[in-house]
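*Asks:* One structure follows; several queries about it will come next.
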Ligand code: NAD
Ligand code: AHE
Ligand code: ZN
Ligand code: ZN
């Protein structure tokens, strides 16, 4: 197929909550682009958030999906970082590595993964040259999403978005590291750099929140609070290392008051993994007087804003946030799958549901809505 368009199946988001399995045509990759055969896709809450119409950058028709394991089918001119047959994780946060990119290079770029090289076109649903590689059955343009669009048997991404992994890496497990699980681990390890002995609280126990717990336990955090309104999430949280499970519905006081009373002065590091702005406030206000740090991971719906009394910051709390857990995608994600292959990083417990074929994407959406699902992996 190299150099020629490919017709394949994709789950196309036609409008709010309107996901349809359709035939699409995927054009060959242009310069510095890579066409991928998607092997497995895990569903992240952010895909649902966009499908539900909550994303200010959301567009229809588009091909969503951004947690995947894939194989390089063909490459465009000038691509040297990957070759046909390589296994890759498409990453919505690219890493251009250009010598003049102040985000990719030291001194200050050492502290961030927010390479802006293709961010504006990515947010507009097109490739860096301003056009789409997807065409629908009626010849209409279909937009890309988050630089990945992995709800499709084939997709085209920028070469700087492809993290090449080992030839032995299992592509279904790789999908988890394309977003949610890498984000939770990185929020703890990179963004907050949690130290051994610290106390940690996580609000929201989906795959993102649970990977915060896993990362905190691996760092040697002593007390780990797991907070969710769905008590079914507490079993896995405890298995991963949570010491205290708290359901806000069991209390008639604000949850931040409950947590501060349990600890006297609050918790060293708190994380929001719900996307609810009231919960973000509760997480900040549960942080320790004098030094507590609260990290926003959750993505809030369009128009939502966060607030607190400035006194909360005056008295030493910090409010921070993370994108993709601060991981520089191409250099720092592949070692995570190496850790998995060596048995040093457990990941299998996040896959609670499996479906076959692009059609399985519809079932995956139902599963994530059900509250019983951490990650539903669809293998094409
Ligand atoms: P999920 O839907 O699987 O999990 C969310 C959890 O939050 C559920 O267990 C739910 O019961 C719980 N919850 C909902 N309301 C709550 C409340 N008021 N109090 C306590 N718990 C509550 O979602 P996920 O895939 O784990 O993603 C979590 C969030 O992180 C989403 O907002 C997603 O968009 C975002 N996200 C951000 C990044 C990033 O880089 N910043 C990356 C991945 C996901
Ligand atoms: N499009 C939204 C913002 C969405 C958002 O914040 N996305 C997270 C990743 S969620 C992954 O599941 C993120 O990392 N954002 C950084 C970026 O550059 O997009 C909006 O508000 O417009
Ligand atoms: Zn860069
Ligand atoms: Zn995601």
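The values are calculated or read from the model by the stated rules, or taken from the named source; none is laboratory data. Predicted, not measured: the structure shown is a model, and the values here were computed from it. A quick note on method: Cβ atoms are made from the backbone with ideal geometry, for glycine too, and the neighbour counts reach across all protein chains shown.
*Asks:* Any chance you could count how many residues in region 279-316 are within 16 Å of ligand 1 (Cβ to nearest atom) and either assigned to a loop (DSSP other than H, G, I, E, B) or farther than 21 Å from residue 224 by Cα (or both)?
*Replies:* 11
*Asks:* Taking residue 259, is it under 22 Å from the mean Cα position of the chain (by Cα) and either outside any loop (DSSP other than H, G, I, E, B) or within 16 Å of ligand 4 (Cβ to nearest atom) (or both)? Lay out the reasoning, then the answer.
*Replies:* Numbers: under 22 Å from the mean Cα position of the chain (by Cα): no; either outside any loop (DSSP other than H, G, I, E, B) or within 16 Å of ligand 4 (Cβ to nearest atom) (or both): yes.
When the stated conditions are applied, residue 259 does not pass them.
*Asks:* Same structure, new question: Go through region 323-354 residue by residue and tally those that are assigned to a loop (DSSP other than H, G, I, E, B) and under 14 Å from residue 171 (Cα atoms).
*Replies:* Number satisfying all stated conditions: 2.
*Asks:* On to the next question. Kindly indicate whether any position in region 355-367 is closer than 30 Å to residue 294 by Cβ, in the same structural domain as residue 109 (by TED's automatic domain parsing) and outside any helix (DSSP H, G or I).
*Replies:* no
*Asks:* Considering every residue within region 126-137, establish whether at least one is buried (at least 16 other Cβ atoms within 10 Å of the Cβ), over 20 Å from residue 25 (Cβ atoms) and without any contact (Cβ under 8 Å) to a residue 40 or more places away in the chain.
*Replies:* No, region 126-137 contains no residue that is buried (at least 16 other Cβ atoms within 10 Å of the Cβ), over 20 Å from residue 25 (Cβ atoms) and without any contact (Cβ under 8 Å) to a residue 40 or more places away in the chain.
*Asks:* Is it the case that region 219-235 has a residue that's surrounded by fewer than 17 Cβ atoms within 10 Å (Cβ to Cβ), touching a residue at least 12 places away in the same chain (Cβ under 8 Å) and in contact with a strand residue (DSSP E or B) (Cβ under 9 Å, 6 or more places away or on another chain)?
*Replies:* yes
*Asks:* Between 205, 210, which is in contact (Cβ under 8 Å) with a residue 60 or more places away in the chain, within 10 Å of ligand 1 (Cβ to nearest atom) and assigned to a helix (DSSP H, G or I)?
*Replies:* On the way: 205 fails: assigned to a helix (DSSP H, G or I).
When all the criteria are applied, what remains is 210.
*Asks:* I'm trying to understand the selection: among the residues of region 96-115, which are more than 6 Å from ligand 3 (Cβ to nearest atom) and crowded, with 23+ Cβ neighbours inside 10 Å?
*Replies:* Selection gives 113 alone.
*Asks:* Looking only at region 166-195, which residues are surrounded by fewer than 24 Cβ atoms within 10 Å (Cβ to Cβ) and either away from ligand 2 (no atom under 16 Å from the Cβ) or more than 30 Å from residue 269 (Cβ to Cβ) (or both)?
*Replies:* Looking only at region 166-195, we keep the residues that are surrounded by fewer than 24 Cβ atoms within 10 Å (Cβ to Cβ), and these are 166-173, 189-190, 193, 195.
Answer for region 166-195, where residues must be surrounded by fewer than 24 Cβ atoms within 10 Å (Cβ to Cβ) and either away from ligand 2 (no atom under 16 Å from the Cβ) or more than 30 Å from residue 269 (Cβ to Cβ) (or both): 166, 167, 168, 169, 170, 171, 172, 173, 189, 193, 195.
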